[in-house]
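The values are calculated or read from the model by the stated rules, or taken from the named source; none is laboratory data. In this text the structure is predicted, and so the values were computed from the model without any measurement. Neighbour counts run over all protein chains shown; Cβ positions are idealised from the backbone, glycine included.
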Amino acid sequence: MTSLYNINYLQHLCQKYGLIPSKKYGQNFLVNEEPIAAMLEAGEIKKDDVVVEVGPGFGVLTLALSEQAKKVMAFEIEKKLESYWTEQISRHQNIEIVWGNILYQNVNLEKYKVIANVPYQITSNIIRKFLEAENKPEFMILMVQKEVAQRICASPGDMSVLAVSVQCYAEPKIVMNVPKSYFWPVPAVDSAVIKIKNIKSDKISEEFFKIVKAGFANRRKMLIKNLESIVGKDNKAKLKIIFNGLGINEKVRAQELSIEQWQGLVRQMESMR
């Protein structure tokens, strides 16, 4: 297990399986054990748990998960690793590799956790997939870009469409920061492990996200001005009444609102239409 953290051994495996670490697939391999230990601890894995992983690579996280969980279902897009995983599964039979892009695959599980070092270029799409799924995970432990982690976990004053989109469903928090030196090849940015828990079972309406996106259309403008594109200038007076009724300052900008204020605002705006 320890050898998977060894750069020389990783280079050997890449050569053996004809793999050149791809920026497209976010193939940067961990060479430090600390983030894996943090993810396992945050995952609170029990013997009867089923864990979904995305992008297992050579399995430094996958194999660690398999030692604690009942089953690990890992989604991998890199077909060059088929023979590698055939060999690994012969020794770790509670691992299942699903070949293909996670975004186009169904996760037909009733109860599961998501624990993964996700490909950074599809982070928001992966999070949205699981938050909007009919069968949502118990929680998610994800390694993402540090900047993205900070945006997801932002507080009023620094909110964004991404922060609102995640926080309207669940409670995210940063578990640990991960310096880029913990990877090979060394990426351009630092990372962070986040935990997304207390995921709501209901589905948020498309109208909610439409209004939120309109609110953030121009971050420098006042929110009420941005929302005119939704309600029309003729209804600006009604918007002001809604703002006042919710105790929201008319000069507020989108990034300053809390999740609760967004939810109240959208409910009131939907009643206008």
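Quick notes
- Annotation note: of Glu78, Glu82, Glu33, the sole residue that is modelled with pLDDT under 95, closer than 24 Å to Asn8 by Cα and of a type outside the set (A, V, I, L, M) is Glu78.
- Applying the condition of being in contact with a Cys (Cβ under 8 Å, 6 or more places away or on another chain) and of a type in the set (A, V, I, L, M) to region 162-206 and asking which residue is surrounded by the most Cβ atoms within 10 Å (Cβ to Cβ) yields Ile194.
- Scan of region 243-272 for residues that are closer than 14 Å to Asn226 by Cβ and either at pLDDT below 95 or outside any helix (DSSP H, G or I) (or both), ordered by number: Ile248, Glu250, Lys251, Val252, Arg253, Leu257, Met269
- Here is the figure for region 186-224: residues that are closer than 26 Å to Ile115 by Cβ and either aliphatic (A, V, I, L, M) or at pLDDT below 95 (or both) total 13.
- Tally of residues being assigned to a helix (DSSP H, G or I), surrounded by fewer than 12 Cβ atoms within 10 Å (Cβ to Cβ) and not charged (D, E, K, R) across region 8-22: 2
Yes/no matrix, rows are residues, columns are (1) of a type in the set (S, T, N, Q); (2) surrounded by 20 or more Cβ atoms within 10 Å (Cβ to Cβ):
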site	(1), (2)
Asp48	no, no
Leu65	no, yes
Trp85	no, yes
Trp99	no, no
Asn108	yes, no
Ile122	no, no
Lys146	no, no
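- Unmet criterion (only one of (1) in contact (Cβ under 8 Å) with a residue 24 or more places away in the chain; (2) hydrophobic (A, V, I, L, M, F, W, C); (3) in a helix (DSSP H, G or I)) for Ala237: (1)
- Members of region 130-182 that are among the charged types (D, E, K, R) and under 30 Å from Ile7 (Cβ atoms): Lys146, Glu147, Lys180
- Only one entry of Ala192, Ala214 meets the criterion of being outside any loop (DSSP other than H, G, I, E, B) and closer than 30 Å to Pro21 by Cα, and that entry is Ala192.
- Count of residues meeting criterion [surrounded by fewer than 18 Cβ atoms within 10 Å (Cβ to Cβ) and without any contact (Cβ under 8 Å) to a residue 40 or more places away in the chain] in region 23-39: 3
Matching residues to (1) closer than 23 Å to Gln261 by Cβ; (2) part of a loop (DSSP other than H, G, I, E, B); (3) among the charged types (D, E, K, R):
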{"residue": "Leu131", "(1), (2), (3)": "yes, no, no"}
{"residue": "Glu138", "(1), (2), (3)": "no, yes, yes"}
{"residue": "Met143", "(1), (2), (3)": "no, no, no"}
{"residue": "Gln150", "(1), (2), (3)": "yes, no, no"}
{"residue": "Asp158", "(1), (2), (3)": "yes, yes, yes"}
{"residue": "Leu162", "(1), (2), (3)": "yes, no, no"}
{"residue": "Tyr169", "(1), (2), (3)": "yes, yes, no"}
{"residue": "Val175", "(1), (2), (3)": "no, no, no"}
